[in-house]
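Student: Take a look at this one; I'll ask things after.
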Amino acid sequence: MLKVVKFGGSSLASAEQFKKVGAIIREEADRRYVIPSAPGRRFDGDTKVTDMLYGCYHQAEKGSDFSGTLANIKARYEEIIAGLELDLSLDQEFEVIAENFKNLAGSDYAASRGEYLNGIIMANYLGFEFVDAATVICFDEDGTFNGDRTDEKLSARLAQCEYAVIPGFYGANPDGSVRTFSRGGSDITGSLVAKAVHADLYENWTDVSGFLLTDPRIVKDPVVISTITYREMRELSYMGATVLHEDAVFPLRREGIPVNVRNTNRPQDPGTMIVESTCNKPKYTITGIGGKKGFASITIEKDMMNSEIGFGRKVLQVFEENGLSFEHTPSGIDTFTVYVHQKEFEEKEQRVIAGLHRSVKPDLIDLESDLALIAVVGRGMKRQRGTAGRIFSALAHARVNVKMIDQGSSELNIIIGVENRDFETAIKAIYDMFVLAQI
């Protein structure tokens, strides 16, 4: 079995954490390709190395003396090296970084050095070969990621390495300058490596024991989901769940490579398996509950709109012309409602209203703000009768007023609109109904 393993910043924040990671990798010879993030926070109030690098480069851009900040960053790495008792010096690397900062090599270059340096330490600690991501992760001149070229170069390079460390988060433009993915992009690097080497499993090690059924800031100690499909995870990721970077899913899904989300601090926990499809029946009817606040609804009323061909298209075209994407469009015989992000809509609301009047000549337009959307997701809902009834029973019991209901034809999710103030209460009520009531 061939495994690719990625470790997040909290897993590599200190020498103590590095030792945990080393023990995990050495436990199984199948863990052959390692993707490290930059060191994260060691304790509450600490600063991530990536943020320190951004701050240091900002000083360089202003022409300020950044040597003190860079020395603090170097001290973080030297602390890890000393704790691991490695015969390794990063002096030359930091001289190059200082020179490139003076020459304003770019904020992408600055941010990438966190993973780059951690990769050097990790390779030295494990005795693995170090492969600089800038030599194998490719972007085009316009900054677009080039998946085909990357897969070609990664496959060829890693075919020469039985064991290797490839830093996450960054690659290079055609001219060799560094380009980064968005924050959290080490997940993407890990998925690209897994695809390139045709891995049997991609392990994503972090500081939680898998994908939680809902937000632990709302529900205390929510249960861990043992198995989740890519489709379910996509729905929950869109609604705020962030265990795995959204763009990391696609290379893995195309190759059918399962993902195992694990906890570095509790390696004995099985974590969550993310798969394309499964016969494994979920323990609970629902797989997860996610949601976001900050939506507004625009309801257009017009008699006989159902017989007016092109009505919906004309409405949505007004939003498109104003650069607004919509979330959901529940409708009735004489009503059509559009849910949008409130912050984006507020700047353009009067233009949208005027545009709707010109386009569809409504009888009435009604706006409502401060709304939240909650997604109840689960492949088990297809087989279970009365799921929607149980959801609304739980919300009624919690005295939550439901503003909108939208269920997809796949029966994979049910979207519920509530007022912002009822958001947390609604999630707790649904969790209690489907989880605590079954324990």
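Student: Could you list, in sequence order, the residues of region 337-353 that are touching a Ser or Thr at 6+ places or on another chain (Cβ under 7 Å) and either closer than 21 Å to PHE311 by Cβ or free of Cβ contacts under 8 Å to residues at least 24 places away in the same chain (or both)?
Tutor: THR337, VAL338, TYR339, listed by residue number.
Student: May I ask you to list the residues in region 136-183 that are aliphatic (A, V, I, L, M), loosely packed, with under 15 Cβ neighbours inside 10 Å and part of a helix (DSSP H, G or I)?
Tutor: Across region 136-183, the qualifying residue is only ALA156.
Student: While we're here: Would you check which residues across region 195-241 are among the polar types (S, T, N, Q) and within 21 Å of GLY256 (Cα to Cα) and list them?
Tutor: If the condition is that a residue be among the polar types (S, T, N, Q) and within 21 Å of GLY256 (Cα to Cα), then ASN204, SER226, THR227, THR229, SER237 are the ones that fit.
This table checks each residue for (1) closer than 21 Å to GLY417 by Cα; (2) in contact with a strand residue (DSSP E or B) (Cβ under 6 Å, 6 or more places away or on another chain); (3) at pLDDT 95 or above.
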residue: THR287; (1), (2), (3): yes, yes, no
residue: ALA296; (1), (2), (3): yes, yes, yes
residue: GLU301; (1), (2), (3): yes, yes, yes
residue: SER307; (1), (2), (3): no, no, no
residue: GLU321; (1), (2), (3): no, no, yes
residue: GLY355; (1), (2), (3): no, no, yes
residue: ALA375; (1), (2), (3): yes, yes, no
residue: GLN384; (1), (2), (3): no, no, no
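Student: Among (1) touching a residue at least 12 places away in the same chain (Cβ under 8 Å); (2) within 30 Å of the chain's Cα centre (by Cα), where does LEU364 come up short?
Tutor: Result: LEU364 passes all but (2).
Student: So, one more: What residue, among those in region 28-57 that are in contact (Cβ under 8 Å) with a residue 12 or more places away in the chain and in a helix (DSSP H, G or I), is most open to solvent (accessible area, probe 1.4 Å)?
Tutor: The selected residue is TYR54.
Student: Name every residue in region 202-234 that is surrounded by fewer than 19 Cβ atoms within 10 Å (Cβ to Cβ) and in a strand (DSSP E or B), in order of residue number.
Tutor: VAL224
Student: I'd like to verify a number: residues in region 410-437 that are within 21 Å of ARG217 (Cα to Cα), acidic (Asp, Glu) and surrounded by fewer than 20 Cβ atoms within 10 Å (Cβ to Cβ), how many?
Tutor: Final tally of qualifying residues: 3.
Student: Please determine, by comparing only the residues of region 292-313 that are free of Cβ contacts under 8 Å to residues at least 60 places away in the same chain and open to solvent by less than 60 Å² (accessible area, probe 1.4 Å), which one is nearest to VAL376 (Cα to Cα).
Tutor: Result: GLY312.
Student: Restricting the first residue to region 66-86 and requiring it to be more than 18 Å from ALA13 (Cβ to Cβ), which pairs with a second residue that is surrounded by fewer than 18 Cβ atoms within 10 Å (Cβ to Cβ) and of a type outside the set (Lys, Arg) meet a Cβ separation below 7 Å and a spacing of at least six or different chains?
Tutor: Filtered contacts from region 66-86: PHE66/GLN59; THR69/GLY55; THR69/GLN59; LEU70/ALA98.
Student: Please count how many residues of region 241-277 are closer than 17 Å to GLY147 by Cβ and open to solvent by less than 60 Å² (accessible area, probe 1.4 Å).
Tutor: Here the count works out to 7.
Student: Could you list, in sequence order, all residues of region 364-409 that are open to solvent by less than 40 Å² (accessible area, probe 1.4 Å) and part of a loop (DSSP other than H, G, I, E, B)?
Tutor: Result: GLY378, ALA398, VAL400, GLY408.
Student: Does region 111-118 contain any residue that is small (Gly, Ala, Ser), out of contact with any helix residue (DSSP H, G or I) (no Cβ under 7 Å at 6 or more places or on another chain), on the phi < 0 side of the Ramachandran plot and crowded, with 20+ Cβ neighbours inside 10 Å?
Tutor: Yes, region 111-118 contains a residue that is small (Gly, Ala, Ser), out of contact with any helix residue (DSSP H, G or I) (no Cβ under 7 Å at 6 or more places or on another chain), on the phi < 0 side of the Ramachandran plot and crowded, with 20+ Cβ neighbours inside 10 Å.
The values are calculated or read from the model by the stated rules, or taken from the named source; none is laboratory data. Predicted, not measured: the structure shown is a model, and the values here were computed from it. With ideal geometry, Cβ positions are generated from the backbone for all residues, glycine too; neighbour counts draw on all protein chains shown. Calculation scope for accessible area: heavy atoms of the full protein, side chains included, ligands and nucleic acids excluded. Shrake-Rupley method; radii C 1.70, N 1.55, O 1.52, S 1.80 Å.
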